[in-house]
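The values are calculated or read from the model by the stated rules, or taken from the named source; none is laboratory data. The structure presented is a predicted model; accordingly, all values stated were derived computationally and were not measured. We place every Cβ from the backbone using ideal geometry, glycine too, and count neighbours over all the protein chains shown.
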Amino acid sequence: MSGPRGAMLRPVRDPEPPSPEAAQQAERIGPTAHYTAYVWRRLGLPHAEHLATRQGAVLYWGFFALGEWATRLSPSVPSMREFLEYRHRLIDAVVDEWRPGCVVELGAGLTPRAVRWAADRGVPGIELDLPAMARAKRARLARLPAPVRARLASLHAVHDADVLAPDLPERLAGLIGGHPRPVVIAEGLLSYFDLAPRQRVLAAVAEALRRVGGGAMVCDLHTAAAQAEVGWAAHALRTAIRGLTRRRRALDPFEDLAAVQQAFARAGFDDAREALPQAYVDAQPRLARLRSPAHVIVARVGPMALGALS
Ligand SMILES: C[S@@+](CC[C@H](N)C(=O)[O-])C[C@H]1O[C@@H](n2cnc3c(N)ncnc32)[C@H](O)[C@@H]1O
């Protein structure tokens, strides 16, 4: 089957097994994909009900008990659910504006986004994650209703991939090459990496986009400057996330937005900006009342403009 632009996915070769660094990350970060999948289901996002897991429900309510409840004490502080909904809807709006000819999601976990693009929009949606999570995703996808699975057909794929592996530029370029306006998305992924591997992923994406003639990257990132504004509640959230991911540290932020822009420039992007929710309220009305200290960043390689961004 082919999409409206005659787009089909190309076969890809098997990857190397994940590095020890990635395996360790996976053990720590993996559970958070179950958590977010349960949030996507609670938000009623299309197809999310088929991808959420019991583990996600247990984590969601466990996390609430661990400290997330503290965010509910102040109306000026976003709850974890609001925080996740903000980034997911804002990323959706930004990607939509780009009118992508294909979307690739790094560290896709159990998100329904690529399924939505492929099954509901006819745009190729490719997901990359470490082998155990990719396997779990494929098992959940097998439970989608038959008509949805039929619409996915050759427009959707979940690949085993370690985004920290040196072959990421080549693999990504192979996946997005030939599609107009490719968009690479990393939601809830980069902040779990230390600064050096985070920079490596940005550079790999920029290189892949450059090799295919350009495209965009959309991701969420944190800055110490924005976190300071939500004060003690951010501290409560970070403590809870450390518990969930069994990390000594959680969400090591960039200093400020200038440091974020420098990181994208160093990685080889031509432009990087923060997407502001006010610009996307028509497309995603709920953004009018959602808040988050997270920044959604859209970065570009190549000639296309960045549209309605700040
Ligand atoms: C917080 S979850 C986010 C999942 C999804 N993007 C969402 O927003 O619902 C992070 C995901 O990144 C994946 N991940 C962690 N390290 C990775 C790596 N080195 N390569 C590929 N995926 C990785 C985890 O397996 C997990 O699925």
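Before we move on, is ILE176 of a type in the set (A, V, I, L, M, F, W, C), within 14 Å of the ligand (Cβ to nearest atom) and in contact (Cβ under 8 Å) with a residue 60 or more places away in the chain? Judged against the criteria, ILE176 is not a match. Residues in region 203-212 that are in contact (Cβ under 8 Å) with a residue 60 or more places away in the chain and either crowded, with 22+ Cβ neighbours inside 10 Å or within 9 Å of the ligand (Cβ to nearest atom) (or both): VAL205, ALA206, LEU209.
Say whether the condition of being more than 16 Å from the ligand (Cβ to nearest atom), buried (at least 24 other Cβ atoms within 10 Å of the Cβ) and over 25 Å from ALA275 (Cα atoms) is met by at least one residue in region 146-164. Within region 146-164, one or more residues are more than 16 Å from the ligand (Cβ to nearest atom), buried (at least 24 other Cβ atoms within 10 Å of the Cβ) and over 25 Å from ALA275 (Cα atoms).
Mind checking which residues of region 179-193 are outside any strand (DSSP E or B) and within 12 Å of the ligand (Cβ to nearest atom)? Answer for region 179-193, where residues must be outside any strand (DSSP E or B) and within 12 Å of the ligand (Cβ to nearest atom): GLU187, GLY188, LEU189, LEU190, SER191, TYR192, PHE193. On the stretch given as region 145-163, residues that are touching an Asp or Glu at 6+ places or on another chain (Cβ under 7 Å) and modelled with pLDDT under 95 total 0. Residues in region 83-124 that are more than 13 Å from the ligand (Cβ to nearest atom), among the small types (Gly, Ala, Ser) and on the phi < 0 side of the Ramachandran plot: 4 in all. Go through region 195-229 and count every residue that is under 17 Å from the mean Cα position of the chain (by Cα) and charged (D, E, K, R). Adding up the residues that qualify gives 3.
Report yes if some residue within region 85-93 is surrounded by fewer than 23 Cβ atoms within 10 Å (Cβ to Cβ), under 24 Å from LEU190 (Cα atoms) and either at pLDDT below 95 or acidic (Asp, Glu) (or both); otherwise report no. Yes, because at least one residue in region 85-93 is surrounded by fewer than 23 Cβ atoms within 10 Å (Cβ to Cβ), under 24 Å from LEU190 (Cα atoms) and either at pLDDT below 95 or acidic (Asp, Glu) (or both).
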